[in-house]
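Below is one structure, written out as structure tokens; comments come after it.
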Amino acid sequence: MDFAAEYRSAVTALESYSSGARAREGKVIDQAPLSRLVETLDLKSCIAEGGLRGARFERFLELYLASATKLHDPRYMAHQVAIPEPMGALGALIDAFTNNSASIYEMGPSAGAIEFAILDWMLAKVGWKPALPPGCEGAEGGGGGVLTQGGSLANLTALMAARARAAPEAWRDGLSRDFVVVAPEACHYSIGRAVDVMGLGRSALRSPPVDGNGKILPDKLAGFIEALGRDGSRILAVVANACSTAAGLFDPLREIGRICAEAGVWLHVDGAHGASALVSKRHRSLLDGVELADSLVWDAHKMLRAPSNCTAVLVKDSRWIDAAFHEEASYLFHDKDQPGLDFIHRSVECTKAGLGLKLFLALATEGEAGAERFVDRQVELARSAASYIAPREALELAVFPEFNILCFRVAGSDERQLELRKRMVEEGRHFVSTAEFRGRRWLRLSLMNPDTSMDDIRSLVAEVERCL
């Protein structure tokens, strides 16, 4: 195989794909039926016979990329997935080719070093004491973390760390049925899934008092926690949003943090999307008080522009994430020289990709200043879009955006919003999502693309109004 030639073909095809998408050529999304794509891409023959090289490989890439959803198109506003910084994408390639595992230091020293440095940078951004490399004086007592494949796995890992503090015997004996997790209904579905996976059952998920927008009400949270205690429930963790998935709203973390500290309850902040505000001097206040939390998850494959997936699980006290999982494997764990850190004790995964390289290269191109500029730009774009939409008689704005997520709707039923979105997807000129918020269905924009402009917003609004 001519390795270099195939890579050159791939790079050429990707450059063409990106430039065409950024120029708004063709459709943003074009969903061919699955069976037709299987046939068009000649998948069965390639699997059975091989030979996907040279001109045949170039043709395959042409067809594959033609069917791919064009996240690089500025009219893409649908989902909370980064348009990757190109160097971050190169990091994904290097990691895949070297195939070093970051779980065990001897399997990937450079991958382990980068993950450690990335986590320490994030811990410092939160306001927690960064960890020191093993063996250093004062290494005990700092924060800690691990990079995982996405926010869902990260939320589960954080709740496992909370379990290690609240019920250290649970790994052997299981959790008793009196444990509950307190989380608002606006939390990400992965919180409920984590409760299920941990064996508590969905009935153990309790919703605290919230305001009309789904934000936790601190003045009622203390009484809610006390009432659970009187009923014989033990709180494994309180979960706060930073920000909510549907409308991008942030819970008041400082007040919640104080209440949880007074009650001796673990506070977990799901910052999968919004924690990137920590890199912005202008918007960091959205997470005011996050340092009072016990754990935080932070998706780099959203607003830090790393390729999917790369999520940090961060804890204020590394002891609890180190106690989250227990394992025995003689082929891995034995007396040996240990010049680095094994992350396997903090992770669901055994073989774990070197996720840090994707984020490191995405950050290292322009540094923290570049990350800050991107976050600031996207937030200001969302707020400018809201100011443009709010006064239009045919449209209703859900709430003025706090971050880069914006929801609006046309008059009529929830079904009308879904039908409008279906029509836009079929035409392919704009790509938006929908979400439920305050009991109604809304068209939802997640402004992730660094090339999306107010011209694209105006074009989208014009298409919506033409459909009325």
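Here are the numbers for the structure shown:
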| item | result |
| --- | --- |
| Beta bridges by DSSP in the stretch 263-324, antiparallel share as percent, to the nearest 5 | 60 percent |
| Hydrodynamic radius by Kirkwood, which averages 1/r over all alpha carbon pairs of the stretch 367-466, in angstrom | 14.0 Å |
| Sorted peptide list for 316-322, 256-262, criterion being average Cβ within 10 angstrom, highest first | 316-322, 256-262 |
| The stretch 94-364 - Rg and Dmax from Cα coordinates, angstrom | 18.1, 56 |
| Largest-first ellipsoid semi-axes for the stretch 3-66, taking √(5λ) over the Cα gyration tensor eigenvalues, angstrom | 22, 19, 6 |
| Value of D in µm² per second that Stokes-Einstein yields for the chain, Kirkwood Rh from Cα pairs, at 10 °C (1.306 mPa s) | 67 µm²/s |
| Bridge type composition, the chain - antiparallel percent by DSSP, nearest 5 | 65 percent |
| From phi via Karplus (6.51, -1.76, 1.60), per-residue ³J(HN,Hα) for the stretch 117-125 in Hz, x at Gly/Pro | 5, 5, 5, 5, 4, 5, 4, 5, 5 |
| Peptides 284-296, 171-183 ordered by average Cβ neighbours within 10 Å, highest first | 284-296, 171-183 |
| Shape category assigned to the stretch 246-382 from the gyration tensor of Cα positions, a/c cut at 1.5 | oblate |
| Sequence-distant aspartates and glutamates (8 or more away, or on other chains) whose Cα lies within less than 14 Å of Lys316 | Asp120, Glu140, Glu291, Asp294 |
| Packing-based ranking, highest mean first, of 428-435, 443-450 given that Cβ atoms within 10 Å are counted | 443-450, 428-435 |
| Under 26 Å from Lys44, Cα to Cα: lysines that are on another chain or at least 8 residues apart | Lys70 |
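Read the figures in this text as sums done on the coordinates, not as results from a lab. Not measured: the values here are computed from a predicted model. Neighbour counts are summed over all protein chains in view; Cβ atoms, including those assigned to glycine, are modelled from backbone coordinates with ideal geometry.
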